[in-house]
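Engineer: Please read through the structure below; I'll follow up with questions.
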Amino acid sequence: MSTDPLENPKKGLFMSERFRIAVLVASVRKGRFAPVVADWFTGQAALHPKIVVDLVDLAQLPFPGAELSARLGAADGLVILTPEYNHSFPGPLKTALDSIGTELRGKPVAFVSYGGLSGGLRAVEALRVVLAELHAVTVRETVSFHGAGAQFTPDGEPKDAKAVNDAAAVLLGQLVWWARALRAARAEHAYGT
């Protein structure tokens, strides 16, 4: 049995204040913009002293999702990084979420979105409904990029770095707060009992 509190959250619950956060990249399209946003966001998350990042890219995972299930099950929280397609989120993300069972129950989920005029926010609103059915807790703050391609330099850095880095810090702070509270609740008694 592991003594690593990240592998055994009940042991050392209050000694370890680090949280494994899965960052799920939802776009699988060829030529996708997702890696640019994911590189920036995982860099921001890695700066947070309470977070261990697990980048989970749907384009790199086999399906059906045994690996996805295991990685989401091991996470203390999730950030879904999604574009907006046709006023909603990508079909492969819905398939992935439909393929899992209880892995997200009683866990926090935050969003980083990108797209055209809406910045992917319509995708986020649709995802909140799906995640409620999975018994996840969605974080209020969202980071979104309107006209995403124009928001980054050719080197993949946000043009308005201070504003988006500050927004990411708020999102991550809320995510860690919920991850801590929900980890303690799950350790005290099983979800739904």
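Please treat every number below as a calculation from the coordinates, not as lab data. Predicted model, so just to flag it, every value in this text is computed and none were measured. All Cβ positions, glycine included, derive from the backbone under ideal geometry; neighbour counts span all protein chains shown.
Engineer: Can you tell me how much longer the chain between S99 and A185 gets when fully stretched, taken as 0.36 nm per residue apart minus their C-alpha distance, in nm with one decimal?
Structural biologist: Working it through step by step, the gained length comes to 28.4 nm.
Engineer: Further, regarding this structure: H146 versus S69, label points 7 Å from Cα toward the beta carbon: distance in nm?
Structural biologist: Taking the two extended label points, one gets 4.2 nm.
Engineer: Helix-derived [θ] at 222 nm for the chain: sum -39500 (n - 2.57) over DSSP H runs of at least 4, divide by residue count, nearest 500?
Structural biologist: -12500 deg cm²/dmol
Engineer: Mark the label point 7 Å from the Cα of N165 along Cα→Cβ and return the residues of region 39-83 whose backbone N is within less than 14 Å of it.
Structural biologist: Once the point is set 7 Å along Cα→Cβ of N165, 40-48 turn out to lie under 14 Å by backbone N, inside region 39-83.
Engineer: Order the peptides 169-179, 111-121, 144-154, 48-58 from the highest to the lowest mean number of other Cβ atoms within 10 Å of their residues.
Structural biologist: The densest-packed peptide leads the list: 111-121, 169-179, 48-58, 144-154.
Engineer: Take the Cα gyration tensor of the chain, multiply each eigenvalue by 5, square-root it, and list the three semi-axes largest first, rounded to whole angstrom.
Structural biologist: 27, 19, 15
Engineer: Per-residue HN-Hα couplings for region 134-150, Karplus 6.51 cos²θ - 1.76 cosθ + 1.60 at θ = phi - 60°, whole Hz, x for Gly and Pro?
Structural biologist: Coupling constants for region 134-150: 8, 6, 8, 10, 8, 7, 5, 5, 9, 9, 9, 10, 7, x, 3, x, 7 Hz.
Engineer: On to the next question. Once the Cβ-Cβ distance between Q60 and R18 is put in as r, and R0 is 30 Å, what FRET efficiency do you end up with, to the nearest 0.05?
Structural biologist: Using R0 = 30 Å, I get an efficiency of 0.75.
Engineer: A further question follows. When we measure straight from the Cα of K159, which aspartates and glutamates land under 20 angstrom away, once same-chain ones fewer than 8 places off are left out?
Structural biologist: Cross-link targets: D39.
Engineer: Amide H of G119: which non-local residues (sequence gap of 5 or more, or other chain) have their own amide H closer than 5 Å, using H built in the peptide plane?
Structural biologist: The list, which skips near neighbours in sequence, is G147.
Engineer: Region 108-180: which trypsin sites (Lys or Arg not before Pro) are DSSP loop and have at most 14 other beta-carbon atoms within 10 angstrom?
Structural biologist: The qualifying sites are K159.
Engineer: HN-Hα J couplings of region 85-98 from phi, Karplus 6.51/-1.76/1.60, θ = phi - 60°, integer Hz, Gly and Pro as x?
Structural biologist: Once θ is set to phi - 60°, the couplings for region 85-98 become 10, 6, 6, 8, 9, x, x, x, 5, 4, 4, 4, 5, 5 Hz.
Engineer: Something else about it: Can you tell me the FRET efficiency between S118 and D155 if r is taken as the Cβ-Cβ distance and R0 is 25 Å, rounded to the nearest 0.05?
Structural biologist: According to the calculation, E is roughly 0.45.
Engineer: May I ask which of K30/K162; K50/K162; K30/K94 have a Cα-Cα span longer than 25 Å here?
Structural biologist: Violating the 25 Å limit, Cα to Cα: K30/K162.
Engineer: Let me ask you something else. Using θ = phi - 60° and the Karplus relation 6.51 cos²θ - 1.76 cosθ + 1.60, list the HN-Hα couplings for region 27-39 in order, rounded to whole Hz, with x at every Gly or Pro.
Structural biologist: Rounded to whole hertz, the list is 7, 10, 5, 5, x, 4, 8, 3, x, 5, 5, 5, 4.
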